Amino acid sequence: MEIVLDRNLYRTIKQMDRTAMQSFLQDIYQSGINEATENGAAPAAAEAAPAETAAPAANSSVDLEALRGELSKVKGVGEARLNEIMKVIEGFMA
């Protein structure tokens, strides 16, 4: 199922409140899961938790200095913001 953002749908979305938008997005997400399941994708993979909420693997490791180096290359991320980001990441890894 392809969802086309025509002018009428755009106007409808623009007038939605938070609850209506959340319901609309959940419907789109569910239709994607259903379509993936119909096309042979494994249901477990289709319903996996989003990356933000997924727990890190027990044996995963991250080189924090390498990560810090790569993040420092992002335009607009200064030293103060980089320190804040690294605190959050370290908090999740503790």
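Each value in this text was obtained by applying a stated rule to the coordinates, not by laboratory testing. Note that this is a predicted model, so its numbers are computed, not measured. FYI the Cβ positions are ideal-geometry reconstructions off the backbone, even for glycines, and counts take in every protein chain you see.
Pair-distance distribution P(r) for the range 7-46, from all Cα-Cα distances in 5 Å bins starting at 0: 6, 23, 20, 17, 12, 12, 10, 1 percent. Full extension of the chain between Met86 and Ile3 yields a length gain of 26.1 nm, computed as 0.36 nm times the residue separation minus the alpha carbon distance. For the peptides 73-81, 20-28, the ranking by packing is 20-28, 73-81, with the highest mean count of neighbouring Cβ atoms within 10 Å listed first.
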